[in-house]
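A quick write-up on the structure given underneath.
The values are calculated or read from the model by the stated rules, or taken from the named source; none is laboratory data. The structure displayed is predicted, hence computed values, not measured ones. Neighbour counts are summed over all protein chains in view; Cβ atoms, including those assigned to glycine, are modelled from backbone coordinates with ideal geometry. To get the accessible areas, we keep the full protein, side chains included, count just its heavy atoms, and leave off ligands, DNA and RNA. Shrake-Rupley method; radii C 1.70, N 1.55, O 1.52, S 1.80 Å.
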Amino acid sequence: YEGGIVGVFNLALLQALNGRNVPNPLSCIQCERPFRGKKAWPAPPGGKPRYLRGDIYLNIDQLRTGSERLSAYGWRFHNWIEAKFFRKSTTNPQKNTGDLLADLLRILSLVPDVIPNKSDHKTITGRYLLHVYEALTPATYLTVNKQTGGGSEPRKWLAPLINGGTGECSNIELADYEKAGILGEINQELGDLSLEFHATTTAIQPSYDLGDDCKQYACLLTRIDSFSLSRGATCFQVDKDRKVTFTPDKATVMSEIREHVGQLISTKKTEDDKPTTDEVAEGGALAGGEADVDGGDKEE
């Protein structure tokens, strides 16, 4: 069912590319693209090497259209999209919420950033979450509110994803904020991460209830505009102006955050399979490996 949502969205992308007369538009879109080519992520204790994949990868280099003004509206040449589809059989709100948080962490930490000009350290990589719900609103499937000492409040990281328009999540420490509940659906060892982000969500959903005899869907596409992901004193940050910052340095961030998440984040069935040459081959950057964020379109 999730594959069906991915297929429908890919068809919309294909139609948009066709409308702009892009040569061979199908070559711009790839499903299940490995985040780091054929290189495996570290195996968790007692586990197998992992080959984590993004649901959709869109490369629009061929449009040859881009500017600083366009980038302020979210335009990026290399785009990664994680997809989720919640339907009536997915009835566990806590697990559903954990699955969505897992995709958020994947899209923040695992996506390779392409930086053509190392002098300004600005990425041309976009990050998106496509989440669709067989319901009038996402609240049907998610644990929207978090219990507090004095009652409850909307989850800080979830609200920007399910409410249309722009929103932000202030800095939260996962171990403290989610503890055993939602975090337990992913991996408790990821509790040492702290995150904050700004997002823009486009929501398409019914304006009124058509009743049980008619299926209704809430369709949301969330773009991550900026974020900061930290583990202790190590921090990976992408600003709204696309500037990428590593603290204290790139090598430490790669090992302390990216490898940490890649080793422990929940996976899908296909991610035990080693990628083939066709899965990682591409005419542009990222061909066969993770892009070098310091040196432009090179492999690490």
Exercise. Can L190 be described as in contact with a strand residue (DSSP E or B) (Cβ under 8 Å, 6 or more places away or on another chain), crowded, with 18+ Cβ neighbours inside 10 Å, more than 21 Å from D120 (Cα to Cα) and touching a residue at least 40 places away in the same chain (Cβ under 8 Å)?
Worked result: no
Problem set entry | Unique residue being over 17 Å from K118 (Cα atoms) and open to solvent by less than 60 Å² (accessible area, probe 1.4 Å) when the list is G262, G232 | G262
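Might you check whether a residue that is free of Cβ contacts under 8 Å to residues at least 24 places away in the same chain and hydroxyl-bearing (S, T, Y) occurs anywhere in the range 193-211?
Yes: one or more hits.
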Exercise. Which pairs do you get when a residue that is at positive phi, found in the range 225-245, comes within reach of a residue that is β-branched (V, I, T), reach meaning Cβ atoms under 8 angstrom, with the pair 6+ apart or on two chains?
Worked result: R242/T123; R242/I124
For this session: Please go through the range 126-153 and pick out each residue that is part of a strand (DSSP E or B) and without any contact (Cβ under 8 Å) to a residue 60 or more places away in the chain.
Result: N145, K146, Q147, T148, G151, S152, E153
Problem set entry | the range 4-48, residues that are closer than 22 Å to K269 by Cα, without any contact (Cβ under 8 Å) to a residue 24 or more places away in the chain and not hydrophobic (A, V, I, L, M, F, W, C) | G7, P45, G46, G47
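Just the residues that are in contact with a Ser or Thr (Cβ under 7 Å, 6 or more places away or on another chain) and open to solvent by less than 60 Å² (accessible area, probe 1.4 Å), please, taken from the range 196-224.
Passing the criteria: F197, H198, A199, T200, T201, A218, L220, L221, T222, R223.
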Exercise. Out of curiosity, is G181 in contact (Cβ under 8 Å) with a residue 24 or more places away in the chain, open to solvent by 20 Å² or more (accessible area, probe 1.4 Å) and not basic (K, R)?
Worked result: yes
Problem set entry | Sole exception among (1) surrounded by fewer than 20 Cβ atoms within 10 Å (Cβ to Cβ); (2) part of a loop (DSSP other than H, G, I, E, B); (3) at pLDDT below 95 for K156, by number | (3)
Exercise. Quick check, is V132 of a type outside the set (K, R), surrounded by 16 or more Cβ atoms within 10 Å (Cβ to Cβ) and within 23 Å of D192 (Cα to Cα)?
Worked result: no
